[in-house]
Amino acid sequence: MIKVGVLGAKGRMGGLVGQTVRSQGDLELVAEVDVGDSRGALTGCDVVVDFTSPAAVMDNLAWCVRSGLNTVVGTSGFDGARLAEAAELVSGAAGQTGEAAASRPRVLVVPNFSVGAVLMMRFAEQAARFFESAEVVELHHAGKVDAPSGTAARTAAMIAAAREGAGLGRGPDATTTQLDGARGAVVAGVHVHSVRLAGLVAHQEVLLGGHGETLTIRHDSLDRASFMPGVLMAVRGIASLPPGLTVGLEGLLGLA
Ligand SMILES: NC(=O)c1ccc[n+]([C@@H]2O[C@H](COP(=O)([O-])OP(=O)(O)OC[C@H]3O[C@@H](n4cnc5c(N)ncnc54)[C@H](O)[C@@H]3O)[C@@H](O)[C@H]2O)c1
């Protein structure tokens, strides 16, 4: 039995994680912690899952690492600086060798638990070097506060790196006059367009264009349930990762 604790247990994601963990024969939900609860309840867990808020997560993570707990982090807001901070936290044992280093906890930060979204990004990265044009369109529910989405920004960065590796410059674009925003935001040289529409959940298209052909890679998240197989994979797989920080599900999916 893998003993699981949830931070942010009363939230939309944390609540669903609790429900999902309870339904699995090999997992035991031993702690559900939200604001006002003691984190002490997490002691003794094999793995803690954090779905709280960008403002709360680093303090939680520091506590979990100090307590030697393997931690899966789904909370958003992990840009480069924050990832470096997380790496530093978990390698607080820098310089340790042998047994001490091996006993450091594992921290798995997963920007997107949807297997389909991870594959979409990977396919976009693979395809990018074969097309002279690449743009990203992300479409979300009207309650989303940030634009572009973290997934779209990450996709654009992956496409840009692949293009650069293939010696491709900016895509062709004859625009000389435009209304502000008409060509979207530019992330690492790749145009990213954000649609906010009542009725949508989370969707993204990667548009690639070349000589007389286009390729569209589309992913649709229709329900928060789409994140649960990835969460379960992380909960079951974290102990197999090397001590320290791992980012993304790719390794556990065999895509690394
Ligand atoms: N990685 C992914 O695939 C993925 C998918 C969906 C959402 N998210 C992210 O997960 C996070 C949570 O999303 P949500 O929709 O469940 O939010 P939510 O607001 O519904 O839930 C957050 C919960 O965390 C609790 N919380 C806040 N501070 C806390 C603390 N210090 N200790 C314990 N609990 C605390 C809140 O009381 C709330 O119950 C967000 O950052 C969101 O962007 C990530």
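Size of the chain along its principal axes in angstrom, Cα-based, largest extent first?
Sorted from largest, the Cα extents of the chain read 60, 44, 32 Å.
Over 16 Å apart: what share of the alpha carbon pairs of region 149-207 falls there, rounded to a whole percent?
51
Simple spin-label model, 7 Å along Cα-to-Cβ: Ser38 to Arg22 in nm?
The two pseudo-label positions are separated by 2.4 nm.
Taking N as the number of residues in region 118-172, what is its Cα Rg relative to 2.2 N^0.38 Å?
Values: Rg = 12.2 Å, N = 55, 2.2 N^0.38 = 10.1 Å.
Cα Rg divided by the expected 2.2 N^0.38 Å: 1.21.
Find how many whole Å separate the alpha carbon centroid of region 1-48 from the alpha carbon centroid of region 114-176.
The distance from the Cα centre of region 114-176 to that of region 1-48 comes to 34 Å.
Of all the accessible heavy-atom surface of region 187-256, with the other protein chains kept in place and a 1.4 Å probe, what percent is carbon and sulfur?
60
Could you tell me the largest-minus-smallest coordinate of the C-alpha atoms of region 1-137 on each of the three principal axes, in descending order and whole angstroms?
Sorted largest first, the three principal extents are 54, 41, 30 Å.
Could you order peptides 153-165, 54-66 by the average number of other Cβ atoms within 10 Å of their residues, highest first?
So the order, starting with the most tightly packed, is 153-165, 54-66.
Helix 150-165 versus the longest principal axis of the chain: what is the Cα-based angle in degrees, 0 to 90, to the nearest 10?
60
Give the peptides 132-141, 212-221 in descending order of average Cβ contacts within 10 Å, highest first.
Highest mean packing first, the order is 132-141, 212-221.
The values are calculated or read from the model by the stated rules, or taken from the named source; none is laboratory data. In this text the structure is predicted, and so the values were computed from the model without any measurement. Positions of Cβ are backbone-derived with ideal geometry, glycine not excepted, and every protein chain shown enters the neighbour counts. Each accessible area value is taken on the protein alone, full model and side chains, heavy atoms only, with ligands, DNA and RNA left out. Shrake-Rupley method; radii C 1.70, N 1.55, O 1.52, S 1.80 Å.
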